[in-house]
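Single-structure report; data block below.
The values are calculated or read from the model by the stated rules, or taken from the named source; none is laboratory data. Predicted model, so just to flag it, every value in this text is computed and none were measured. Cβ coordinates were reconstructed from backbone atoms using ideal geometry, including for glycine residues, and neighbour counts include every protein chain displayed. Ligands, DNA and RNA are stripped out before the accessible areas are found, and what is left, the full protein with its side chains, is counted by its heavy atoms. Shrake-Rupley method; radii C 1.70, N 1.55, O 1.52, S 1.80 Å.
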Amino acid sequence: MKQGDLVVRNSYGGDVLFRVEAVRSQYALLKGTDYRLLADAPIPDLSVVSDPESTRAVQQVRIKVNNSLKRMHSERERQTVGTEDHIRLATQQSQPFFEVPGKVLHLDGDGNYLKKSIQLYNTMQVPSHGLHVHESQMADMLYRLLPQIKPDIVVITGHDGVLKNRTPTDLYSLSSYKNSQHFVNAVRVARQYEKNRDNLIVIAGACQSHFEALLQAGSNFASSPGRILIHALDPVYIAIKASFTSIKDTINLSDVIHGTISGIDGVGGIETMGRFRVGLPKPKITSSLSSTSTATS
């Protein structure tokens with residue numbers, strides 16, 4: 001067994017596919033390929049996977065991911081048609097209009113997940129700026145970036161988890177989590193920059209994160225109410241939904257949460273207005289209101 005191998009844990013029934021990050025004498029450090037999970041496991045408990053697409057863990061995740069993506073595309077198509085109809089009724093003619101989706105600033109503790117996230121933002125034509133940064137540095141990075149990027153939506157995510165060596169009563173203590181305290185610190189910086197939760201939407205957390213502490217710190221949406229594993233793209237799905245929900249409308253809480261791959265035990269949130277705007281008429285040159293999605297390490 002070596003670094004980079006794809007493996008599953010036998011004692012867990014092969015429920016999650018991992019990539020080996022490092023090999024120690026008796027243990028391997030693991031990172032989930034689809035779920036935002038860091039783990040370690042005894043080497044004898046691991047089985048190398050030669051064909052990941054044939055495993056039950058991957059097949060089940062792929063079905064959920066495909067359903068979520070289809071839902072996003074279908075919602076976007078309905079929105080475009082609805083906007084066209086609205087403009088036509090308002091002006092009594094078919095006027096070319098332009099769209100201004102909410103801009104996303106995405107901080108991710110995992111470079112591979114960041115790349116997947118940026119690809120999805122690009123596919124959905126959401127303007128975004130992504131940065132791979134360690135969870136412990138996110139608060140400082142946000143302090144510098146928020147005035148520069150001026151985003152409508154901030155995603156603060158990476159890796160997290162409930163520590164093994166704790167008592168059940170410690171579940172609501174931030175010290176019982178790998179990175180929840182760092183996420184809370186970053187959320188507080190975002191709220192110092194913009195107190196209004198409708199002007200700046202904050203989506204924070206990763207697998208098993210301290211949901212209540214993140215909401216109390218100022219998040220609009222956070223993980224994980226049920227302290228479960230969340231899929232790598234769940235925060236992205238919510239960000240896209242916020243980006244394309246009109247500033248006149250509230251993001252449908254039930255719709256957006258159940259549209260994620262992890263569901264209501266994975267993500268929760270509070271009532272929030274969208275960040276999408278429509279303009280008229282359409283400029284004859286490329287508008288500076290739109291921007292491309294980029295990622296930096």
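What do you reckon, is G279 surrounded by 15 or more Cβ atoms within 10 Å (Cβ to Cβ), more than 13 Å from the chain's Cα centre (by Cα) and over 17 Å from V154 (Cα atoms)? Here the answer is no, as G279 does not meet what is asked. The condition (being in contact with a helix residue (DSSP H, G or I) (Cβ under 8 Å, 6 or more places away or on another chain), crowded, with 20+ Cβ neighbours inside 10 Å, touching a residue at least 12 places away in the same chain (Cβ under 8 Å) and assigned to a helix (DSSP H, G or I)) is satisfied by just one residue among S136, S117: S117.
Before we move on, is K31 at pLDDT below 85, surrounded by 13 or more Cβ atoms within 10 Å (Cβ to Cβ) and under 29 Å from Y177 (Cβ atoms)? So K31 does not fit the description; no.
Here the helices (runs of 4 or more DSSP H) wholly within region 188-262 that include at least 1 residues being modelled with pLDDT of 95 or more and open to solvent by less than 10 Å² (accessible area, probe 1.4 Å) are 211-217, 234-243.
Please go through region 121-130 and pick out each residue that is touching a residue at least 24 places away in the same chain (Cβ under 8 Å) and surrounded by fewer than 19 Cβ atoms within 10 Å (Cβ to Cβ). N122, Q125 - these are the residues of region 121-130 that are touching a residue at least 24 places away in the same chain (Cβ under 8 Å) and surrounded by fewer than 19 Cβ atoms within 10 Å (Cβ to Cβ). Restricting attention to region 263-276, the residues that are within 17 Å of the chain's Cα centre (by Cα) and open to solvent by 20 Å² or more (accessible area, probe 1.4 Å) add up to 5. Here S287 meets each of (1) open to solvent by 10 Å² or more (accessible area, probe 1.4 Å); (2) modelled with pLDDT of 90 or more; (3) not aromatic (F, W, Y) with one exception, condition (2). If you go through region 40-94 and keep only what is hydroxyl-bearing (S, T, Y) and modelled with pLDDT under 75, you end up with S54, T55, S68, T80, T83, T91, S94.
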